[in-house]
Amino acid sequence: MMRVVVIDDHEQFAEVVQATVGREPDFESIGHATNVADGLDLIEAFEPDLVAVNVHLGPGDGIAPIAQITERHPNVRVVVLAALANMPMMQRAAAANARGFHPKDAGPARLLWVLRNTGHEGFTMHPEVLHRVVTGGPLIPKQGGSTASPKVTSRESLGVGVIGVSQQVRWGRWGD
C-alpha cells in the first residue's frame, strides 16, 4: 500500500486528491498540509511513500523544498501538482529531484496513473499530459472507450529531451 501526503494550500483541491487516493485499495491518504512547514512535519511523522505538492503554496514555492524532502527521506517520491504546466516549471521540478508531474486539470484517473507509475528514478507524466504540454494543445479525449495513450511524435521526443529526462519518462496506458 502506498501512503500519500498532499501539500496544497487550495483546501478543496487537497480534499479531492485525498478522497480520490483514499478510495483506491492500493493507496492510503495519510493527511494534507496547506504549507511547506506543516507538510515537512507530516513527512517526518508518517514517512509516506509519495508526496503530492503544489507548485505554488500561497506566497511560497512548492518546488524549492523538494530537494530537502528527498535528501532527508530518500524513499519518498515527490509528484508536483500545477495549475499551469510548462517546460520551465517541469525543468525546475526535475532539477529539484521531483519524480513526477501532474497538471491539476488533467483529471483524477491520470493523477492516479502518475502516482502508481512514479518510481525512485526518472520523471513521470501521463503520456496524454506530456502530449498537451509539448504541443500546447488540449488533452486527447478517449475515443470509442479506448484507453490507449497517443503515440509519441518526434516533436514530443524533442520536448522531453529538452527537459533532460528522455530515457526516463514512463510510458504506458491508463490502468497499467
>> With closer than 17 Å to GLN12 by Cβ and either among the aliphatic types (A, V, I, L, M) or in contact with a helix residue (DSSP H, G or I) (Cβ under 6 Å, 6 or more places away or on another chain) (or both) as the only criterion, which of LEU50, LEU42, LEU57 stands out?
In response: LEU57
> Taking only pairs six or more apart or across chains, which ones have beta-carbon atoms under 6 Å, a first residue in region 126-140 that is of a type in the set (A, V, I, L, M), and a second residue that is at pLDDT below 80 and surrounded by fewer than 23 Cβ atoms within 10 Å (Cβ to Cβ)?
Replying inline: VAL134/GLU156; VAL134/GLY159; ILE140/PRO150
>> Show me the helices (runs of 4 or more DSSP H) found entirely inside region 18-136 where at least 3 residues are surrounded by 22 or more Cβ atoms within 10 Å (Cβ to Cβ), among the hydrophobic types (A, V, I, L, M, F, W, C) and at pLDDT 95 or above.
In response: 108-117
> What's the number of the condition GLY31 fails, among (1) out of contact with any Leu (no Cβ under 8 Å at 6 or more places or on another chain); (2) on the phi > 0 side of the Ramachandran plot?
Replying inline: (1)
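The values are calculated or read from the model by the stated rules, or taken from the named source; none is laboratory data. This is a predicted model, so every value here is computed, not measured. All Cβ positions, glycine included, derive from the backbone under ideal geometry; neighbour counts span all protein chains shown.
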